[in-house]
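The structure appears below as structure tokens.
The values are calculated or read from the model by the stated rules, or taken from the named source; none is laboratory data. Please read all numbers here as calculations on a predicted model, not as lab measurements. Positions of Cβ are generated from backbone atoms using ideal geometry, with glycine treated the same way; all protein chains shown enter the neighbour counts.
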Amino acid sequence: MYRIVPFFIALQFLTRIPVSLTCAPSPKQIGQSILYYPMVGLVIGIVLAFLDAILANTNDLLRAAIILTTWIFITGALHLDGLADSADALVGGLGDKEKTLSIMEDPYCGPAAVVTLIAILLIKFSALVSISSTENLACLLTPIIARSTVLLLFLTTPYIQKEGIAQLLATQFSKTATIWVLIFTVAIIILLLNTKAFGLILGTCLVVFLLRNLMMKRLGGMTGDTIGATIVIAEAALLILFTL
């Protein structure tokens, strides 16, 4: 039971799937939970791929709407909230780190957040309409690859907040184990997609590289909100790549 607790921690944190832990997890278990982020992506992907399959004969617009709504519901819009906070902060912070962080902690959404959310959801919806009948692995693999970007961020980017579950992740996770999980995830994707996998992997790495540079320039590191924003933007980018 001890060994599967980190998976349940990751599932509880990244989704709204009901999870009951019998006791408070240790800092080590919380740190290990990052290793299961791609597996949580697999859980989400299975749900979305199942919906895509059973709605195969439905109108493409309706199918895409149902899949996207389920996607938002199963994650509790957690990552969208991070994207909204990041958009407001990066636009309103005007290059001032403290002001940017202060705006990021504000629970209210400004115009930048609203516009960004509408744009990203439109992109995801349009891509789902385009790929739903042509690429049945898109719904399965996109959540896996997008959550793998979190591992890449933690390996390369300092975490600047002093509290929260992500702070425990930053101090307790194993770099060696994280690298092996990334290698295994990449190998599975290549096995499933053959040469198509390289475009997806390179595109995802480019997205992480650009977002990491922005985080370092504006904040000097990452926060929980920018991690969530990275997941959502990576998902949108992956869906676009699947259409290509």
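Name the pairs: first residue in the stretch 169-193 and on the phi < 0 side of the Ramachandran plot and touching a residue at least 12 places away in the same chain (Cβ under 8 Å), second residue outside any helix (DSSP H, G or I) and surrounded by 14 or more Cβ atoms within 10 Å (Cβ to Cβ), Cβ to Cβ under 8 Å, at least 6 apart or on different chains?
Final answer for the pair search is L169/Y159; A170/Y159; L192/L137; L193/L137.
Exactly one condition in (1) within 21 Å of A138 (Cβ to Cβ); (2) within 16 Å of the chain's Cα centre (by Cα); (3) surrounded by 14 or more Cβ atoms within 10 Å (Cβ to Cβ) is not met by I190; state its number.
Just one mismatch for I190, condition (2).
Looking at D85, D96, which one is at pLDDT below 90, charged (D, E, K, R) and buried (at least 19 other Cβ atoms within 10 Å of the Cβ)?
Being at pLDDT below 90, charged (D, E, K, R) and buried (at least 19 other Cβ atoms within 10 Å of the Cβ) holds for just one of D85, D96, which is D85.
Can you pull out every residue in the stretch 158-167 that is β-branched (V, I, T) and under 13 Å from I34 (Cβ atoms)? Don't jump to the end; show me each part of the working.
Let us first name the residues in the stretch 158-167 that are β-branched (V, I, T), namely 160, 165.
Hit for the stretch 158-167 is I165, nothing else.
Surrounded by 20 or more Cβ atoms within 10 Å (Cβ to Cβ), of a type in the set (G, A, S), touching a residue at least 40 places away in the same chain (Cβ under 8 Å) and under 19 Å from F125 (Cβ atoms): does that describe A65? Full working, then the answer.
Values: surrounded by 20 or more Cβ atoms within 10 Å (Cβ to Cβ): no; of a type in the set (G, A, S): yes; touching a residue at least 40 places away in the same chain (Cβ under 8 Å): yes; under 19 Å from F125 (Cβ atoms): yes.
Against the criterion (surrounded by 20 or more Cβ atoms within 10 Å (Cβ to Cβ), of a type in the set (G, A, S), touching a residue at least 40 places away in the same chain (Cβ under 8 Å) and under 19 Å from F125 (Cβ atoms)), A65 does not qualify.
Got a number for residues in the stretch 136-168 being without any contact (Cβ under 8 Å) to a residue 12 or more places away in the chain and assigned to a helix (DSSP H, G or I)?
Just the residues of the stretch 136-168 that are without any contact (Cβ under 8 Å) to a residue 12 or more places away in the chain, to begin with: 162-163, 167.
Subset that is assigned to a helix (DSSP H, G or I): 167.
So the answer is 1.
Return the only residue of A166, A112, A138 being crowded, with 17+ Cβ neighbours inside 10 Å, of a type in the set (A, V, I, L, M, F, W, C) and over 19 Å from the mean Cα position of the chain (by Cα). Break it down stepwise before answering.
Details: A166 fails: over 19 Å from the mean Cα position of the chain (by Cα); A138 fails: over 19 Å from the mean Cα position of the chain (by Cα).
Result of the check over A166, A112, A138: A112.
Assuming T204 fulfils every condition listed in (1) within 19 Å of I44 (Cα to Cα); (2) in contact with a Phe, Trp or Tyr (Cβ under 8 Å, 6 or more places away or on another chain); (3) not basic (K, R) apart from one, which condition is it?
Every listed condition holds for T204 apart from (2).
Tell me, please, whether a residue that is hydroxyl-bearing (S, T, Y), touching a helix residue (DSSP H, G or I) at 6+ places or on another chain (Cβ under 8 Å), touching a residue at least 40 places away in the same chain (Cβ under 8 Å) and outside any helix (DSSP H, G or I) can be found in the stretch 221-236. Let's see the steps before the verdict.
First, the residues of the stretch 221-236 that are hydroxyl-bearing (S, T, Y): 223, 226, 230.
If we keep only those that are touching a helix residue (DSSP H, G or I) at 6+ places or on another chain (Cβ under 8 Å) too, we end up with 223, 226, 230.
Filter once more, so that each one left must be touching a residue at least 40 places away in the same chain (Cβ under 8 Å): 223, 226, 230.
Add one more test, that the residue is outside any helix (DSSP H, G or I), and what stays is 223.
Yes, the conditions are met somewhere in the stretch 221-236.
Of the residues that make up the stretch 175-188, is at least one within 23 Å of A53 (Cα to Cα) and touching a helix residue (DSSP H, G or I) at 6+ places or on another chain (Cβ under 9 Å)? Write out each step before concluding.
To start, the set of residues in the stretch 175-188 that are within 23 Å of A53 (Cα to Cα) comprises 188.
Going one step further and asking which of them are touching a helix residue (DSSP H, G or I) at 6+ places or on another chain (Cβ under 9 Å), we end up with 188.
Yes; the residues of the stretch 175-188 include at least one that is within 23 Å of A53 (Cα to Cα) and touching a helix residue (DSSP H, G or I) at 6+ places or on another chain (Cβ under 9 Å).
Might you let me know whether the stretch 174-183 holds any residue that is loosely packed, with under 12 Cβ neighbours inside 10 Å, modelled with pLDDT under 90 and under 19 Å from F13 (Cβ atoms)?
No, every residue in the stretch 174-183 fails to be loosely packed, with under 12 Cβ neighbours inside 10 Å, modelled with pLDDT under 90 and under 19 Å from F13 (Cβ atoms).
Looking at the stretch 201-210, is at least one residue surrounded by 19 or more Cβ atoms within 10 Å (Cβ to Cβ) and touching a strand residue (DSSP E or B) at 6+ places or on another chain (Cβ under 8 Å)?
No, that holds for no residue.
Any idea which of L21, L101 is free of Cβ contacts under 8 Å to residues at least 60 places away in the same chain and more than 20 Å from the chain's Cα centre (by Cα)? Steps first, please.
Numbers: L101 fails: free of Cβ contacts under 8 Å to residues at least 60 places away in the same chain.
Of the residues listed, the single one that is free of Cβ contacts under 8 Å to residues at least 60 places away in the same chain and more than 20 Å from the chain's Cα centre (by Cα) is L21.
Out of F50, F73, I need the residue that is more than 30 Å from I103 (Cβ to Cβ), at pLDDT 90 or above and part of a helix (DSSP H, G or I). Which one? If you could, list the steps in order and put the result at the bottom.
Numbers: F73 fails: more than 30 Å from I103 (Cβ to Cβ).
Exactly one of F50, F73 is more than 30 Å from I103 (Cβ to Cβ), at pLDDT 90 or above and part of a helix (DSSP H, G or I), namely F50.
Among the residues in the stretch 197-220, are any part of a helix (DSSP H, G or I) and touching a Gly at 6+ places or on another chain (Cβ under 7 Å)?
Restricting attention to the stretch 197-220, the residues satisfying the condition of being part of a helix (DSSP H, G or I) are 197-218.
With the extra rule that they be touching a Gly at 6+ places or on another chain (Cβ under 7 Å), the set shrinks to 215, 218.
Yes - at least one qualifying residue is present in the stretch 197-220.
For the stretch 12-28, give me each residue that is surrounded by fewer than 20 Cβ atoms within 10 Å (Cβ to Cβ) and not in a loop (DSSP other than H, G, I, E, B).
Residues satisfying the conditions are Q12, F13, P27, K28.
Would you say T223 is under 21 Å from M39 (Cα atoms), at pLDDT below 95 and surrounded by 15 or more Cβ atoms within 10 Å (Cβ to Cβ)?
Numbers: under 21 Å from M39 (Cα atoms): no; at pLDDT below 95: yes; surrounded by 15 or more Cβ atoms within 10 Å (Cβ to Cβ): yes.
Taking the combined requirement at face value, the residue does not satisfy it.
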